[in-house]
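The values are calculated or read from the model by the stated rules, or taken from the named source; none is laboratory data. Note that the coordinates shown come from a computational prediction; the quantities given were computed from them, not determined experimentally. We place every Cβ from the backbone using ideal geometry, glycine too, and count neighbours over all the protein chains shown.
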Amino acid sequence: MLVSTLGYSAAVPNNRVAHVQLHRTRGARFHVSGIPLTASRSSISRIYAAFECCGFPRIAGAFTLHIRPTDQIKDITTLDLPIALALLGHAGIIPADALRRIFSAGEMGLDGQLQSQEGTKPPIELEVPFEIPIDALLLPDGFGQKIAPWGPPGRTLRTNHLIEAVGYLQGHKTLPVIKQKKEWNHRERWNPCAETHWKSLRLSPIQMKALIIAAVGRLPLLIIGSSGTGKSLMGRALHQLLPPLREQHFAELEKPYRTKGIPFPITDRPPIRKPHHQCTSAGLLGTITQSGAWSPGELSLAHHGLLCLDELCEFSRDCIEALRGPLEDDGFLLSRAGQSRIESTANWIVATSNPCPCGRFNDGPTSCPCTKGQVQRYLQRLSGPIIERFALHLETTAVAPSDSSPTPDLLAIRDRITSTRTWLNRQPPVYSTPKANAIIQNHVSQFRSSARSLGHLTKIAQIHAAIEQYNQRKTIEIGVADVEFASQLRIFDRPRWWEKPEMQ
């Protein structure tokens with residue numbers, strides 16, 4: 001007779017569900033398959049001692065115990081309960097047929113007491129064949145809150161002793177239902193004001209407003225300027241302008257981190273990823289192995305957060321060109337090894353770059369020895385389609401202490417960003433003055449801007465107008481000042497903008 005049941009152990013690869021099978025064979029030996037012999041002997045010894053303490057008969061005869069999946073299983077202590085139930089099912093003490101629909105876990109003491117394993121993580125995906133109905137999950141304290149969300153609602157039962165599990169399966173004992181606590185309510189709260197990047201900024205009024213506009217629209221931002229002008233600090237400070245994660249966003253983000261094997265605490269702090277410039281396109285987008293397993297990349301790990309690409313021109317050409325889809329849409333199609341996958345990435349991409357190989361281009365000819373050809377080759381690493389997909393191009397220069405404005409209060413800036421974004425989400429009517437339209441048309445004709453560049457220019461002007469006019473009117477009116485400010489943030493629309501007079 002073959003008895004099958006379901007169990008759980010963190011030792012199973014990827015925390016999957018273990019299928020426990022027990023078959024009576026001829027002879028007097030106990031055979032095992034799929035697990036180390038030493039571990040199985042220790043488990044059987046504990047189970048037989050618990051049987052004697054609980055008054056259950058010791059199961060005599062030869063058996064074959066098989067546990068799958070069979071790869072890399074070393075510690076099976078939390079499979080004590082399903083193995084014990086399978087033995088009792090063979091003895092006829094509990095209904096053997098019912099065990100097929102029972103999921104259980106727990107390390108068994110010599111007295112039959114059940115306990116969870118410390119440090120156990122909940123499964124990534126409960127790989128139970130759902131065409132088989134699950135009657136109940138029998139779990140001890142400690143396991144219940146971790147595994148209960150993966151089972152049928154209201155069928156996770158607290159089972160702290162072998163006698164309780166047997167009594168329930170015999171039909172004469174009722175077990176209490178484990179009420180699921182919402183772990184999100186006990187999350188670690190993010191305090192953006194506790195981080196120091198924003199307080200360290202020394203920006204001009206134009207630079208400060210550009211960062212606020214980028215944060216309101218989550219617009220892709222390219223910060224370019226000489227070394228020491230605070231580009232990297234700006235990129236990291238923008239993370240403090242993001243809203244906290246919602247519960248749904250955290251659930252979407254947790255899975256790629258677990259798949260990647262990276263710890264991700266329960267927190268509402270949005271992620272920030274800062275890959276090194278030696279990152280490959282596979283490391284950025286992710287990859288699909290020959291077996292079909294998905295390995296997330298930096299874009300997926302920055303979901304609902306910030307992806308900061310420092311020194312973008314130093315990245316490989318393949319890596320830079322891989323940003324075409326993510327910069328324009330909230331997702332991309334990845335094809336690898338004859339398979340494809342559509343990955344959603346609702347993140348904010350911010351990049352920084354030096355304007356020349358030495359990084360001192362804006363400091364003048366006495367500081368920058370780079371020739372015209374060197375500067376041109378360096379900037380040509382960023383192709384036209386990539387440049388166009390960055391909505392804002394912010395050029396930075398060294399700001400003297402007398403010229404820098406005091407850093408605004410972070411909470412006030414966050415409130416301003418949130419209120420402006422909320423207003424824009426309501427889609428208020430937007431109008432442009434005739435003079436503003438004329439400036440836009442002049443910009444397009446003079447610099448031969450594409451439709452994508454025109455859309456970015458209009459978007460920046462609209463957000464600028466919304467910030468300036470919030471709570472003043474019910475409509476957004478794009479004026480001359482809004483368009484003129486927006487044109488300053490599209491420096492790559494102007495051909496050869498970087499040439500110095502001495503290079504003519």
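Could you tell me whether any residue of the range 251-258 is touching a Pro at 6+ places or on another chain (Cβ under 7 Å) and part of a loop (DSSP other than H, G, I, E, B)? Checked the range 251-258: no residue is touching a Pro at 6+ places or on another chain (Cβ under 7 Å) and part of a loop (DSSP other than H, G, I, E, B). Looking only at residues of the range 258-270 that are at pLDDT 90 or above and surrounded by 16 or more Cβ atoms within 10 Å (Cβ to Cβ), we find that the one that is nearest to S344 (Cα to Cα) is P270. Residues considered: I342, I387, I349. Of these, the only one that is in contact with a Leu (Cβ under 6 Å, 6 or more places away or on another chain) and either assigned to a loop (DSSP other than H, G, I, E, B) or surrounded by fewer than 17 Cβ atoms within 10 Å (Cβ to Cβ) (or both) is I342.
Just need a number here: residues in the range 404-443 that are of a type outside the set (K, R) and without any contact (Cβ under 8 Å) to a residue 12 or more places away in the chain.
12
Residue check: P244 meets all listed conditions (1) under 30 Å from A194 (Cα atoms); (2) not in a loop (DSSP other than H, G, I, E, B); (3) not polar (S, T, N, Q) but one, namely (2). Residues to consider are K500, K474; find the one that is modelled with pLDDT under 95 and touching a Cys at 6+ places or on another chain (Cβ under 9 Å). On inspection, the qualifying residue turns out to be K500.
Taken together, the criteria place A210 among residues that are modelled with pLDDT of 90 or more, under 25 Å from G305 (Cβ atoms) and either out of contact with any helix residue (DSSP H, G or I) (no Cβ under 7 Å at 6 or more places or on another chain) or part of a loop (DSSP other than H, G, I, E, B) (or both).
As a summary of the residue check, G228 satisfies the conditions (1) among the small types (G, A, S); (2) surrounded by fewer than 22 Cβ atoms within 10 Å (Cβ to Cβ); (3) part of a helix (DSSP H, G or I) except for the one numbered (3).
Each residue in the range 176-208 was checked for being more than 30 Å from L392 (Cβ to Cβ) and touching a Phe, Trp or Tyr at 6+ places or on another chain (Cβ under 8 Å), and 2 of them qualify.
Among the candidates L411, L394, L333, which residue alone is within 24 Å of the chain's Cα centre (by Cα) and either at pLDDT 85 or above or part of a strand (DSSP E or B) (or both)?
L333
Just so you know, in the range 275-301 the residues that are under 16 Å from the mean Cα position of the chain (by Cα) and hydroxyl-bearing (S, T, Y) include one that is modelled with the highest pLDDT, and it is S300.
Among the numbered conditions (1) crowded, with 19+ Cβ neighbours inside 10 Å; (2) without any contact (Cβ under 8 Å) to a residue 12 or more places away in the chain, the only one that N185 does not meet is (1).
Selection of the range 171-192 for residues being in a helix (DSSP H, G or I) and either touching a Cys at 6+ places or on another chain (Cβ under 6 Å) or at pLDDT below 90 (or both) yields E183, W184, N185, H186.
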